[in-house]
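What follows is a single structure, written as structure tokens, with notes after it.
The values are calculated or read from the model by the stated rules, or taken from the named source; none is laboratory data. Just so we're clear, the structure is a prediction, and the values are computed from it rather than from any experiment. Because the Cβ atoms are built from the backbone with ideal geometry, glycine has one as well, and the counts that use them run over all protein chains shown. Just so you know, the surface numbers come from the protein's heavy atoms only, side chains and all, with ligands and any DNA or RNA stripped out. Shrake-Rupley method; radii C 1.70, N 1.55, O 1.52, S 1.80 Å.
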Amino acid sequence: MATLETARVPDAGPGPAKPDAKVARRERRNWRQYVGFTPAAIVFGVFFIAPLCLIVVYSFWQTKDYNLVPDFTTKNYATIATTDTYIKTLGKTILMALLATATTLAIAFPFCYWLVRYVPPRLQRVLFLLVILPFWTSYLLRVYAWVAILGDNGAINVLLKNLGLTDSPVRLFLYDTPGVFIVLVYLYFPFAALTLYSSLDRFDWSLLRAGVDLGASPMRSLVTILLPQMKLAMVTAGIFVFIPILGEYVAPEIVGGTNGVLMGNLIANFFAGYLLPLGSAASVLIALVILVLLVLFRKGLDTKDIYGS
Amino acid sequence: MANLNNVNINRRSLLLGSLALGVSPFVLSGCASGASSSGSAGGTVNWLTWSDHFSNDQLKKVAASSKITGGPKLFSDNADALLQIKQTGSQFDIVSGDALWVKKYRQEGLIDPFQMSEIAVSNELYAEARDFSFLKDPQGYLGYPFSWSSVQIYFNPKLVKTPPTSWESLTDPAFKGQIVAENIPTDLLAIGGLATGSKEPYALKGDGLTRAADFLKALKPNVIKLASQNNEIISMLASGEAAIGISNLGTDLRVKAAGGPQIEAAYPREGTIGFIDAEMITSKGANQKLVRPFLNAMETSEYIVENFKTNGRPLFNEKAAKILLNDPKTAQDAKRLFMGNPEKALAMTLKGPAENQQSYTEAFNQIFGA
């Protein structure tokens, strides 16, 4: 590295430069190389770091008569940590996120595998377009579409009625926790599929054939050759799905009814009721859960999984 | 067109270009807002309000006649609106609020008083409406009265065998999964307060708050959904997904208009909460000069009549009430929905801020959490 830097230093003129001037010039150059990051740093700082800091600060303040009072307190965290309902709701939210993520991956992986392995390239693109097509419509529309599908007068109930299987609408899913689960899996499936597809598309399938040639069963080849190489893609897809689900409140509000409430809904109520500190404390706790899980995910990966061997 | 291959981009020009691109939206938006607020002839009035305070057609007509364009942004809960006005400074020029919330805005220094005479169309209002004590201040009026309604029970007689007669009766297990209400924690706890005998449902404390919370706990299994907007209540009652709704006057008309069944109102014996909506002029609004002419154009009887026909709940414009009551097509509904009885607005427990908002929201969240 030192050699490279020395090579790039233009000739400072006749005679050797003084050591102090050299150091100063190098420091100036070191500082300048970060200037290019300034726009990104500003955007990141203004739109991410500053709001996050604000939320953390608010979480230690209090609300008195609809006014934020900057009196330091840890009571907001204590309230969340000692109230059964909040703990249960946080637990339910994490469980929901885990189950929805696992289900999304379990559906997305075989789908992408089939797409990459068995579908002709031209049809592959068409089918994959269908997967990402929902991205072109509004999030709210996609959620409300499920009300139309699962509702009393929705597609499923109309079908059941026309088939003579039921006289009155069946309320198996809508306005309850299973409805939220179905909608979340649907909403985040494209995130997982996009990530897994790009990874599977670059996989060298001759490795699987080599495994089979060497005597491994197709399933063993899949488990010992393909899956380890898909580890990074699976983790990335998992993160893409898991994190936004932890903060979800619109889908539970629309299809969850009073039984499908997640932590995001309680936070929305806190904010709507002007309890910014309590809402902020709950948000910080969710952010901490995400941070801990990201660290665990990261530790579960070898360096070569991330940077390549 | 220049040959792109010949374009020489170095780091300095790239950075300068990026900076220019980054700054341009701010410059453009600054020019746009300047254009909207400058000039006495017209501009934009930013309005934090509910969806039933205007129609898009009305805004277009007012913009054409007065050169003032209304820019509405919707909210659902009064506390949410108060928070937005506090945090946004000059962004909003008008904010709508319920009854006793108006005083709260004034206490917080968020609104300016005005003289009714400055809004000529106010002479179309009922005299009672110009005399509401909670809308007045020694320095003038704090809010321009718009509409009012009590919040009561509506039920579908085909789906409900025993009609509810009280708030308490809604906890009957026979109504499991049949009720829809708006997700407004303060108001639902206030209803709990009325159901459990409180005389001041927005000032619940200690045992009173516990009793109201216990009522909501008993009610929860019967509530299929807490709606974010009133129109969700209408659609669920219209589709039959909910058999009972806790909603404003005129819900029956709106359900019918949405293609739903005939539903009936039940006035709980414990009393009702209710709102008296008013438009307030914010203290820091950037387009304050436009607010009075805008309200003058928006509140004329012509538009109020249309508003009643669309939203079906009483409004305070006397001239509009006379038109509606004299028209055979609308007379029955106008009479049934008290267009001619503004004095009834004061018979309800008026909506207002909770004395201890934290306790209300926490109690609500603890009930409706997992």
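Please find, within the stretch A:131-155, the residue that is nearest to B:Gln178 (Cα to Cα) out of those that are within 14 Å of chain B (Cβ to nearest Cβ) and open to solvent by 70 Å² or more (accessible area, probe 1.4 Å). Ranking the qualifying residues of the stretch A:131-155, first place goes to A:Asn153. Considering the conditions (1) assigned to a loop (DSSP other than H, G, I, E, B); (2) more than 14 Å from chain B (Cβ to nearest Cβ); (3) of a type in the set (Val, Ile, Thr), A:Val170 is excluded by exactly one of them, (2).
Of everything listed in (1) assigned to a helix (DSSP H, G or I); (2) within 20 Å of B:Ile246 (Cα to Cα), the single unmet condition for B:Arg269 is (1). Does B:Lys73 count as under 19 Å from the mean Cα position of the chain (by Cα), surrounded by fewer than 22 Cβ atoms within 10 Å (Cβ to Cβ) and away from every other protein chain (no Cβ under 14 Å)? Spelling it out, B:Lys73 is indeed under 19 Å from the mean Cα position of the chain (by Cα), surrounded by fewer than 22 Cβ atoms within 10 Å (Cβ to Cβ) and away from every other protein chain (no Cβ under 14 Å).
Being in contact with a Leu (Cβ under 9 Å, 6 or more places away or on another chain) and either of a type in the set (A, V, I, L, M, F, W, C) or under 19 Å from B:Pro314 (Cβ atoms) (or both) is true for just one of B:Ile244, B:Ile233. Which residue is that?
Numbers: B:Ile233 fails: in contact with a Leu (Cβ under 9 Å, 6 or more places away or on another chain).
Result: B:Ile244 is the single residue among B:Ile244, B:Ile233 that is in contact with a Leu (Cβ under 9 Å, 6 or more places away or on another chain) and either of a type in the set (A, V, I, L, M, F, W, C) or under 19 Å from B:Pro314 (Cβ atoms) (or both).
For the condition of a type in the set (Phe, Trp, Tyr), touching a Ser or Thr at 6+ places or on another chain (Cβ under 6 Å) and either in the same structural domain as A:Leu95 (by TED's automatic domain parsing) or in a helix (DSSP H, G or I) (or both), what is the one hit in A:Tyr175, A:Tyr188? Steps first, please.
Details: A:Tyr175 fails: touching a Ser or Thr at 6+ places or on another chain (Cβ under 6 Å).
Matching residue, one of A:Tyr175, A:Tyr188: A:Tyr188.
Yes or no: B:Lys205 more than 10 Å from every other protein chain (Cβ to nearest Cβ), touching a residue at least 24 places away in the same chain (Cβ under 8 Å) and surrounded by fewer than 24 Cβ atoms within 10 Å (Cβ to Cβ)? It is true that B:Lys205 is more than 10 Å from every other protein chain (Cβ to nearest Cβ), touching a residue at least 24 places away in the same chain (Cβ under 8 Å) and surrounded by fewer than 24 Cβ atoms within 10 Å (Cβ to Cβ).
Listed conditions (1) assigned to a helix (DSSP H, G or I); (2) under 30 Å from B:Leu82 (Cβ atoms) are all met by A:Thr258, apart from (1). Do we have any residue at all in the stretch B:63-77 that's modelled with pLDDT under 95 and in contact with a Lys or Arg (Cβ under 6 Å, 6 or more places away or on another chain)? Scanning the stretch B:63-77, I find no residue that is modelled with pLDDT under 95 and in contact with a Lys or Arg (Cβ under 6 Å, 6 or more places away or on another chain), so the answer is no. Exactly one residue out of A:Val255, A:Val235, A:Val284, A:Val250 is in contact with a helix residue (DSSP H, G or I) (Cβ under 7 Å, 6 or more places away or on another chain), touching a residue at least 12 places away in the same chain (Cβ under 8 Å), open to solvent by 10 Å² or more (accessible area, probe 1.4 Å) and within 14 Å of chain B (Cβ to nearest Cβ): that is A:Val250.
Per-residue answers, yes or no, for (1) in a helix (DSSP H, G or I); (2) crowded, with 19+ Cβ neighbours inside 10 Å; (3) out of contact with any helix residue (DSSP H, G or I) (no Cβ under 6 Å at 6 or more places or on another chain):
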residue	(1), (2), (3)
A:Phe60	no, no, yes
A:Ile80	yes, yes, no
A:Thr85	yes, no, no
A:Leu95	yes, no, yes
A:Thr103	yes, no, no
A:Ala106	yes, no, yes
A:Trp114	yes, no, yes
A:Arg117	yes, no, yes
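Taking the criterion of being without any contact (Cβ under 8 Å) to a residue 60 or more places away in the chain, farther than 19 Å from B:Gln366 by Cα, among the β-branched types (Val, Ile, Thr) and in the same structural domain as B:Ala363 (by TED's automatic domain parsing), would at least one residue in the stretch B:236-251 satisfy it? No: zero hits.
Of A:Gly279, A:Gly273, A:Gly264, all but one fail to be touching an Asp or Glu at 6+ places or on another chain (Cβ under 7 Å) and within 14 Å of chain B (Cβ to nearest Cβ); the exception is A:Gly264. Taking the criterion of being of a type in the set (S, T, N, Q), more than 21 Å from the chain's Cα centre (by Cα) and either facing chain A (nearest Cβ under 8 Å) or open to solvent by less than 20 Å² (accessible area, probe 1.4 Å) (or both), the residues of the stretch B:329-370 that qualify are B:Thr330, B:Gln358, B:Asn365, B:Gln366.
Quickly run through the stretch B:349-370 and pick out the residues that are under 26 Å from B:Leu135 (Cβ atoms), outside any helix (DSSP H, G or I) and in contact with a Phe, Trp or Tyr (Cβ under 8 Å, 6 or more places away or on another chain). Break it down stepwise before answering.
Step one: list which residues in the stretch B:349-370 are under 26 Å from B:Leu135 (Cβ atoms), which gives B:349-357, B:360.
With the extra rule that they be outside any helix (DSSP H, G or I), the set shrinks to B:349-356.
Hits for the stretch B:349-370 are B:Thr349, B:Leu350, B:Lys351, B:Gly352, B:Pro353, B:Ala354, B:Glu355.
Here A:Met96 clears all of (1) under 29 Å from A:Gly260 (Cβ atoms); (2) at pLDDT below 95; (3) within 14 Å of chain B (Cβ to nearest Cβ) except the condition numbered (2).
Do we find that B:Ile85 is of a type in the set (A, V, I, L, M) and away from chain A (no Cβ under 14 Å) in this structure? Answer is no for this residue. Would the stretch B:97-104 turn up any residue that is open to solvent by 60 Å² or more (accessible area, probe 1.4 Å) and touching a helix residue (DSSP H, G or I) at 6+ places or on another chain (Cβ under 8 Å)? Yes: one or more hits.
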